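Only the coordinates and a few stated rules stand behind these numbers; no lab work does. Just so we're clear, the structure is a prediction, and the values are computed from it rather than from any experiment. In this analysis, Cβ positions are derived from the backbone assuming ideal geometry, glycine residues included, and neighbour counts consider all displayed protein chains.
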Amino acid sequence: MFQNRAEALALALPAALFAAAVFIAPVVILLSDGFRAPGGGWTISAYTEFFSSSLNQAVFLRTLKLGVLVTIVAAVIGYAAAFAIVSLEPGKKGKVTGLIVLPLMISPVARTYAWIVILGRTGIVNQAFQALGISEAPLRILFSETAIFIGLLQLFLPLMIISLISALENMPKDAIPAARVLGANWFQVFWKVILPLTKEGVVIGGTLVFTGCLTAYITPAILGGSKVLMLETLLYQQVTVSNNFVAASVIALILIVMSFAANILLKRVATARNKTMRNTKGTAQ
Amino acid sequence: MSDPNFLTLENLTLAYGDTVAVKDLNLTIGKGELVAFLGPSGCGKTTTMRAIAGLLSPASGHVKLDGADITRVSANKRNVGLMFQSYALFPHLSVYENVAFGLRLKKTPAAELDKRVRAGITSVGLSDYADRKPGELSGGQQQRVALARSMVMEPKVLLLDEPLSNLDARLRLDMRSELQRVQKETGVTMIFVTHDQGEALSLADRIVVMKRGAIEQIGSPEDIYNRPTSAFVADFVGFENIFELSDGRLKTPKGPVELSGPVPIAAGLAWRPRMVTLGSGPFQGTVRGASFAGNSREYLLDTPLGPIKAEVDAALPPHELGAELAFDLPVGTAAQLSTFG
Amino acid sequence: MSDPNFLTLENLTLAYGDTVAVKDLNLTIGKGELVAFLGPSGCGKTTTMRAIAGLLSPASGHVKLDGADITRVSANKRNVGLMFQSYALFPHLSVYENVAFGLRLKKTPAAELDKRVRAGITSVGLSDYADRKPGELSGGQQQRVALARSMVMEPKVLLLDEPLSNLDARLRLDMRSELQRVQKETGVTMIFVTHDQGEALSLADRIVVMKRGAIEQIGSPEDIYNRPTSAFVADFVGFENIFELSDGRLKTPKGPVELSGPVPIAAGLAWRPRMVTLGSGPFQGTVRGASFAGNSREYLLDTPLGPIKAEVDAALPPHELGAELAFDLPVGTAAQLSTFG
Amino acid sequence: MMARNLFIPITLGLVITFLIGPFLIIVAASFSAGETLAFPPQGFSLRWIAKVFTVESFRDSFYMSMFLAIGGTLAALILGIPASYALSRYKLPGAETIRTIVSAPIIVPGIIVGLSLLRYIVVPFQVGITLALFLAHTALILPYAVRVVSASLGNLRSDIEEAAVLLGSSRLGAFFRVVLPNIRGGIMSAFILGFVTSFNQVPVSLFLSGPGVRTLPVDMIAYMEIVFDPSVAALSALLAFMSIGIVFLAERFLGFSRYV
Amino acid sequence: QEKTLTISVYALAQDEYKKIVYTPFEEKCGCKLVVETGNSVERIAKMDANKANPVVDMAVVSMADALSAARAGLIDTIDTSKIASFNDLYDIAKDPNGDGMSIGYTFYATSIAYRSDKMKIESWADLLKPEYAAHIAWPNVTTNQGPPSLYMLGLALGKDTPDLAAPIEAVGAAKDDIVTFYEKSSQLVQLMQQEEIWAAPIGRFTWAPFSKLDMPIAWATPKEGQTGGMNVMIVTKNSKNRDLALEFMDFWLSADTQSKLAEALIDSPANKEAKVSEAAAKNLTYGEETAKSLKLIPSATSLDNRAGWLKSWNEKVGQ
Ligand SMILES: Nc1ncnc2c1ncn2[C@@H]1O[C@H](COP(=O)(O)OP(=O)(O)OP(=O)(O)O)[C@@H](O)[C@H]1O
Ligand SMILES: Nc1ncnc2c1ncn2[C@@H]1O[C@H](COP(=O)(O)OP(=O)(O)OP(=O)(O)O)[C@@H](O)[C@H]1O
Ligand SMILES: NCCCCNCCCN
Ligand SMILES: [Mg+2]
Ligand SMILES: [Mg+2]
């Protein structure tokens, strides 16, 4: 029934052409600025220059680290939460999804201010820690990488959960029981059955979270107390302080490449099991 | 059968939310036994299997295997294999990988794994299809993948939920011998659901007949097919002529009827069509319908006892519709039903 | 059969990508005919049905229905019903809504719709389950929903892909009569796939036996079961003793063997186990295996012709393993195979 | 399987606490009498809520944001659903390329999007700011529409569509009658993700704002630049409740939990 | 057809501006006012993109941004003869960049808000004392308060080179102690209220909410003095509504309008004749003396060093 190529193109092309025309074209033109040599012609010197600075290297690595960390934690929590939500009865499912969505609607600024209340020296967390005897003096959680991590996780976890819910929903009903009966523990069920069957979901969720972390500005700025530079901060500085759009486009492309790489990597990871299996078999033949 | 209590289901009650599917079921199966579950659609066969496999936790009752109470043991640690009625193949994995799935989890050494997987795939006749995904297979091919996947695991108990229903008669025979071979070689305890009487007869050591979530009769294939103890089982295994007894007489729509000879003390009697003597006897009937079924011919008679089905060899000359025939329901061969209804 | 060419498949070749599943198939079916597709798993039965239904466009060839070439007519305009082997129930709709689906699309008036849907659901014995979703039904119950869904539509051609495979023998008989009733009432042309010989025998006007994407034999049920024309069909329908003929003699692993009586001109001869005369005859064999199958007993004999399977009435006294028995392969009753291989 | 009975409530409890915690602080602050966010709140008052409604500029930018979020999401779904359907049901040459193209917008930093659209779309083609914003938001939401819907289409068996067609439905009809109901969850997810992405979008809208045209988050950030009083918290809380309302309505409307 | 004037302003307090400035002006001139808002950088970026076909006629930006716009050729000399109240402006507002292309309309002081019960601030350098540093927020270099504060710290340290090397070094040395380098002054009230911080350099225009906190918070008068900033008006080059723009500026700079804006605690007046109540004056930067005493960084210095400050800041503080 699904053999008609023309039909498929008619369905897919409007979206592709739209994205190409109103989005990809202008962005590509802007990004190409980063490759223009001053005297005409093309060069990648802007990039080599960027990475020759040890500051930039450190910022790059830190951004990468935070992005990866938040994405992994979000994926782990996200799967558990999405799995739990999908197992709920239909009525509750909608309500819980509503609750998950709720934080997405809070202005990012207001939300970070709420974290200040929660994580501050006199905040709820420190009060609880002291009451429970976990710590004597108030901990300085705010304005650190930890605070950024918490803020970003809360900011982007819903994106992961929501992406996963839709992927989990239509999973073949008996796939998990079948794996269980074949001896898979929950970890193996997850890794060998749930993950490959929901890879679209985790790829989109993971890309959203990772990209979100890379391009978040307000959360690192406020919760990190600007002590923790991120690539996006550098990008903003280039635009808003230095008015240097070429330098900005260089950072932007680095961010894009990171996101893109993350996207590809996520696809790889999600399909890795099958790949290695095929290879093993190939050699065993 | 070294251990006659190898698998024990004790007062098992199983429910989906508020729907009780199986109620207070008790069953004991010996090690190495081959048991068939028989019963009408929706009677709880699959549900019981899911509970044995650990996919459904009982509302109450216990499952014991090999001396241990496994009611709370999770499915992956029970070493119980289940072939799903719906196959439940992994759509993202090839036939090979579907079959290899469980062995990989057991960390079977690569060479042995490959040997066993290939043997499994070959035994179900799919060696040419090892690299296909389930979506690219025919229905019967998928069913065979599911069969191979559950068999290569060599579990303690193998549960097969209608393993051969989508296979042709020829292949079904091959698969039957394959199952017997595996059973003999590994001594696995096997429970299977089938709707094919021949399959149940030729494979099973014992047959469990279920009815609305409860066991109606347990017995050897011959018991079940020749000596059903209830009208339900009799009807289910093809006794078309079933009568309640009261005061030694058959209850019929047209009043009580006396039989020739001494009548046993039972709640009812039942005759298969082929157990009806046609051409002689104390009763008279009119042929209302006739059908040819390969070896035999079946007649539907209108009689004072109500409609009677009789079967005779196809080699005998056929009777016309409307013909008047004498017949008998011999008490000696009748199945004696201890419960009726 | 008012129109003998009601449905015509002409040189139909069907492929999934590069995999050719059906090759150059020709078939003509008359209006109101009831045809069974028979053949080993993966031979192309489902594929052919999908092409008739319009779900698969042929790589080449034509499908003609009721005088019109419908090869390029889209599936929803063909008025061809298909019950899927995989059921393909709508998971989001109740049993009632699954069955009502097609009628609603036809804008059937509410009262009539309700009447027909309820009748359909009742005819498959699911009136208590009308409000359940497919996920809350047993395998057999799901299969019956699929059956009801395709039947209530009363299409020109109804294709049933293993409609009763997951039902118990009892229910299967009921469903069979239900199918016959519908067929009689509506005069629908019906093609069904079954692996149950009894079903094919009792339901079908004609049987089409397929082998690897091609038709091997077409004929009446009795033709197919008694007069297979190829070794493949003979084997498929249960002729266990099949021999090639060469120069009027049987080819056996141990050399050519002369038969008693005049030998017909054919490529081969085949005997069902029950056609083997046991106890007398020109040949000698040793009992190597015996099995009980309800009505009958089957013996496996070691003979100079190779292994021979013979079946006799269970009422006769059994033979021991190792016993030496005389037997005959009567030429008169043998099926004469025109092609061998 | 027993563990599952505990697994679900515990997981959801922890996750929801984490996600909703900050929101509770904000709600508390909205109703507090104090001048800052605090927990526990200092006194009770509705003045911050009331203040939200007196800020005139919020009203216009709210309408603009609603228009963009709802219009952009719908436009993206209208473009995206057919595309994801084609990508997951047909063997399409260049499918990966198409997937990459429509997914690209999520991986480009918003500030770059805003700047490049301003420079290479708005200025050269003299496109109105409102239209430019609408196009930009549609493009930004498109990836969610395509990818999230694909995720749920991917696992949906396709024989039910064939069944629907054989029962007399057109291809399109089959899509609406049996595909859509079974991917409602995915579409809801896409809608939610798209809506909030658009509604919270700051960097793109920053450059694509023009005389008289502003989105709410940009407005709120500007408002908070210098003063942060609980009225912004109150506005946030109101928006969150509104979003719950929208999710609730969308669910009613799309009937998604009835089916999944 | 009705004339239209398009202005580009900071996004602040638009409701009040509308009431005090925009609507009255529209009534007066019989024209329509279209307002674009945003921060100065992105608004200037847009002006730059639309250079050939300007959308905006008149804009208000910071002093330094005005100079940057002038250097980019985006703005024109202002014909001050059309501004009736020009001569009533404080001298520093008349031509802040010395190029005749901008007029100041408001200015503000920047000093230190601090908890008088916890600390004593006599010098900008006091903030970095070990016992205080763990309780202060310092403005990020990218904010408007950043460079002026560093400049004052430089003065306090006795090393006031234009590259601000010494103060950045000093802040960098204390970075682990310093609670946060703030981006938005709005967060300071929150931090102060939670006792997360005791002190922070702030602009006077954000003072009001601090004074409402139930805490002893004082406005420091450090011995090095106060710094601050000025916002200015500019006119777009090739604007088609130049006269209307000048008329609008005249209206905005009038004593009457300036008084009203001051009373509403929005902008400190640049017009000497503006009348301001006691209460309002307390919250604003007010008076000629104050204006003269502010130590402002010259626009050129700030423009020429901006990138350098950022670079050394990132190295010393952002690491
Ligand atoms: N989607 C597909 N892609 C590739 N090959 C397919 C696909 N579907 C079926 N085939 C192959 O086509 C052949 C015919 O399949 P078909 O489903 O018609 O068999 P069948 O006769 O219905 O078998 P069964 O009785 O097992 O259902 C099989 O060999 C099968 O592997
Ligand atoms: N998920 C479910 N939710 C509610 N009821 C269910 C569910 N699954 C099965 N049932 C009901 O429980 C009863 C037993 O179902 P089960 O699947 O065990 O039957 P079965 O004996 O395997 O039948 P079949 O031969 O048709 O497969 C049936 O009446 C069925 O409708
Ligand atoms: N017994 C707990 C079941 C939960 C399954 N979780 C799967 C997701 C893994 N992260
Ligand atoms: Mg079942
Ligand atoms: Mg098939």
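Numbers for the structure displayed
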| read-out | value |
| --- | --- |
| Shielding score for C:138-145, defined as the mean number of other chain Cβ atoms within 10 Å | 5 |
| Using alpha-carbon coordinates, inclination of helix C:169-186 to the longest axis of chain C, degrees | 60 |
| Restricting segment A:131-232 to trypsin sites (Lys or Arg not before Pro) in coil, as DSSP defines it, with at most 11 other Cβ within 10 Å | none |
| Residue-by-residue Karplus 3J(HN,Hα) for segment E:39-46, coefficients 6.51, -1.76, 1.60, Hz, glycine and proline x | 7, 5, 4, 6, 5, 5, 4, 5 |
| Per-copy distances of the C:TYR16 label point, shortest first, in nm (7 angstrom along Cα→Cβ) | 2.8 |
| Residues in segment D:225-240 reached by a label modelled at D:THR54 [backbone nitrogen below 18 Å; 7 Å Cα→Cβ] | D:227-236 |
| Crossing angle, helix C:110-123 versus chain C [Cα axis fit, 0-90 degrees, rounded to tens] | 20 |
| Long-range HN-HN contacts of E:LEU89 with modeled amide H, under 5 Å | E:LYS272 |
| Peptides ranked, highest mean first, by Cβ atoms within 10 Å: ranges C:205-211, C:177-183 | C:205-211, C:177-183 |
| Prolate/oblate/rounded label for chain D (Cα gyration tensor, a/c 1.5) | oblate |
| Other-copy label distances relative to B:SER2, 7 angstrom Cα-Cβ extension, nm | 7.1 |
| 5 angstrom amide H check on E:ILE217, placed H, neighbours 5+ away | E:SER116 |
| Distance from segment C:1-45 to segment D:19-86 (C-alpha centre basis), Å | 62 |
| Kirkwood Rh, angstrom, segment E:222-289 [1 / mean 1/r, Cα pairs] | 13.7 |
| Packing-based ranking, highest mean first, of D:92-98, D:165-171 given that Cβ atoms within 10 Å are counted | D:165-171, D:92-98 |
| Average Cα contact separation per residue, chain C, under 8 Å, 6 or more apart, as relative contact order % | 15 |
| Size of electric dipole in chain E: Cβ of Lys, Arg +1 and of Asp, Glu -1, about Cα centre, debye, nearest 20 | 260 |
| GNM flexibility winner over chain A from A:LEU223, A:LEU195, A:LEU13 (Cα, springs under 10 Å) | A:LEU13 |
| For E:LYS212, net neighbour charge (Lys/Arg +1, Asp/Glu -1) across residues whose Cβ lies under 12 Å away | -3 |
| Cα shape, segment E:161-319, gyration tensor, a/c 1.5 rule | oblate |
| Inter-copy spacing of C:GLY248 label points, which lie 7 Å from Cα along Cα→Cβ, given in nm from shortest upward | 6.8 |
| For segment A:55-280: rounded, prolate or oblate by the Cα gyration tensor [a/c cutoff 1.5] | oblate |
| Charged-residue dipole, Cβ positions (Lys, Arg, Asp, Glu), the protein assembly as shown about Cα centre, Debye nearest 20 | 700 |
| Most to least packed among C:44-50, E:31-37 [average Cβ atoms within 10 Å] | C:44-50, E:31-37 |
| Separation of the B:ASP69 and A:TRP191 label points, Cα + 7 Å toward Cβ, nm | 3.3 |
| Which listed pairs, of A:LYS173/B:LYS156; E:LYS237/E:LYS295; C:LYS23/C:LYS64; E:LYS237/E:LYS275; B:LYS77/B:LYS211, have C-alpha distances above 22 Å, in listed order | A:LYS173/B:LYS156; E:LYS237/E:LYS295; E:LYS237/E:LYS275; B:LYS77/B:LYS211 |
| Alpha-carbon centroid distance for the pair segment E:119-184 / segment E:271-317, whole angstrom | 16 |
| Flagged links, alpha-carbon separation over 27 Å, of C:LYS45/C:LYS254; D:LYS51/E:LYS28; A:LYS93/A:LYS199; B:LYS45/C:LYS45; A:LYS199/B:LYS133; E:LYS18/E:LYS46 | C:LYS45/C:LYS254; D:LYS51/E:LYS28; B:LYS45/C:LYS45 |
| Top positive-direction residue, dipole computed over segment D:55-258 with Cβ charges, set D:ALA240, D:VAL196, D:SER61 | D:VAL196 |
| Relative contact order, percent, segment D:55-258 [alpha-carbon distance under 8 Å, six or more residues apart] | 34 |
| Mean shadow area of the protein assembly as shown, taken as a quarter of the surface of its Cα convex hull (nm²) | 68.6 |
| Cβ charges +1 (Lys, Arg) and -1 (Asp, Glu), total dipole of segment C:233-337, debye | 100 |
| For A:60-67, mean number of other protein chain Cβ atoms within 10 Å | 0 |
| J(HN,Hα) series, segment E:133-142, from Karplus relation 6.51 cos²θ - 1.76 cosθ + 1.60, nearest Hz, glycine and proline x | 3, 6, 10, 10, 10, 10, x, 4, 5, 7 |
| Residues in segment C:134-152 that a label on C:THR122 would reach, taking backbone N under 18 Å of a point 7 Å out along Cα→Cβ | C:145, C:148-149, C:151-152 |
| Alpha-carbon centroids, segment A:167-204 and segment B:222-252: separation in whole Å | 48 |
| Shielding score for A:142-151, defined as the mean number of other chain Cβ atoms within 10 Å | 2 |
| Closest approach to the C/B rotation axis among chain C Cβ atoms, residue and whole-Å value | C:SER165, 2 |
